[in-house]
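Trainee: Before I ask anything, let me first share the structure, which is written out below as structure tokens.
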Amino acid sequence: MTVQQAYKIFDVRSDITKMELKKRYRRLMHMVHPDAVLNRDKSNKENVYRYSAYEINEAYTVLFNQTGQESLKSNYKYDYKYSEYDEKYYGTDQENEEYDFTAPENEHAFCQRNVYHYAEDYNGNNIGRFKVARGRYMWMPDEDFKLFLRSIYECSEELLNRIDEETGRVHDSEYKIIYQAELAYLLAQQFIATSDTLGNILTSIDDAANVFYVGAMLEMSPKSGFIKAGMKLFPAGIKKHRLYLMTRSGKEAGYISFKDDRLYYVLIPILEQKRAMVKIEVSSKQDRHNTMGEKKYKNIDLWVKIGNDATFPENINMRIEDLLNSYHESK
């Protein structure tokens, strides 16, 4: 779909803002919603819109990257032909149509993934998700990260289900989810460009030296004792993708948690691969309610200096294969 066609479907001026575009989108989706169509008096043609929900969604996606203020400034464009919203209300006639989607790809990724986008109703509520493409497409900041993770978990589930079908075995769900989580963790790394992502989600302290600041939290260990503002902490090791910390004297302090979920899939792998150095200090500003209850937290300041960047570590595919082989051989 061209930009001109999208403007025609939305019937708006070319200088529409992002906020105005969202309001127009919600109104149009309300007009074509099946419930509204069924309840509308057939003799009243005033609110009948000549374009379908699928066309409106398609136009919205195109125009969203063309708006002026508060634009996401997308690095890629996509043109989808099918959505779950369409399937639910209008059938699956378009299910097999081709997608026209362009984005950076990792041709060495272990498998393809689905790319999803949210659809909203007139009131701004999510009415579901629709698939815009399938391929080895990289995650970009304007793809909702929760939907990205969903696509990755779907990939891991698909791979494990194939093994189940091949072997004829049915594993306990709790046992299977351990493999699925580890598999998803590895797969996610193949679709995230580390340097670009860190530059988008972290505060750069020194671009030339590749130093970033991270606001994080210390989930304190019951044995951590007294930890005060300004105290320096040190890495004690990484276990199950968690960075554990210790005091200068070597006493256990706890492990780091992030307020931004993306960092678990971006920063922790870098630390696991020993491609970064860190400096950690207990923040001067603390939230009193974080120290209440059984679990206690401390705000910490984390500075990260990234070393040589290898966006796609060569051994990830081998690690994925080893994990799948282990699942295949398990009883």
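Trainee: Calculated FRET efficiency, GLU154 and ASP261, Cβ-Cβ r, R0 22 Å, to nearest 0.05?
Mentor: 0.80
Trainee: Something else: Could you sort the peptides 161-169, 181-189 by per-residue average Cβ neighbour count (10 Å cutoff), highest mean leading?
Mentor: The most tightly packed comes first, giving 181-189, 161-169.
Trainee: Using a probe of 1.4 angstrom, how much of the accessible area of region 113-192 is carbon and sulfur, in percent? Let's see the in-between values first.
Mentor: Numbers: 1630 of 3570 Å².
For region 113-192, the apolar C and S fraction of the accessible surface comes to 46 percent.
Trainee: List every residue whose amide H lies under 5 Å from the amide H of GLY254, counting only residues 5 or more places away in sequence or on a different chain, with H placed 1.01 Å from N in the peptide plane.
Mentor: Answer set, sorted by chain and number: SER221, LEU245.
Trainee: If each residue of separation counts as 0.36 nm, what is the full-extension length gain between TYR51 and LYS305 once their alpha-carbon separation is subtracted?
Mentor: 86.3 nm
Trainee: Quick check for you: with a 1.4 Å probe and neighbouring chains kept, what is the accessible area per residue of region 182-331, in Å²?
Mentor: For region 182-331, the per-residue accessible area is 56 Å².
Trainee: Hand me the trypsin sites (Lys or Arg not before Pro) from region 205-293 located in a DSSP loop with no more than 12 other Cβ atoms within 10 Å, in residue order please.
Mentor: Sites meeting the loop and neighbour criteria: LYS223, LYS228, LYS240, ARG248, LYS259, LYS274, LYS285.
Trainee: Scan around GLU105 for amide H atoms under 5 Å from its own, H built in the peptide plane at 1.01 Å from N, and keep only partners 5 or more places away or cross-chain.
Mentor: Here MET138 satisfy the definition.
Trainee: Now for a different question. Given a Förster distance of 51 angstrom, what is the FRET efficiency for GLU321 paired with SER14, based on the Cβ-Cβ distance and rounded to 0.05?
Mentor: 0.50
Trainee: Of LYS18/LYS146; LYS240/LYS305; LYS146/LYS274; LYS223/LYS296, which pairs sit farther than 19 Å apart, going by alpha carbon to alpha carbon?
Mentor: On the way: LYS18/LYS146 22 Å; LYS240/LYS305 22 Å; LYS146/LYS274 27 Å; LYS223/LYS296 12 Å.
LYS18/LYS146; LYS240/LYS305; LYS146/LYS274, as the Cα separations exceed 19 Å there.
The values are calculated or read from the model by the stated rules, or taken from the named source; none is laboratory data. This one's a predicted model, so the numbers in the text were calculated from it and none came from an experiment. Here the Cβ is made from the backbone with ideal geometry for all residues, glycine too, and neighbour counts use every protein chain on show. Surface accessibility is based on the protein's heavy atoms, side chains included, excluding ligands, DNA and RNA. Shrake-Rupley method; radii C 1.70, N 1.55, O 1.52, S 1.80 Å.
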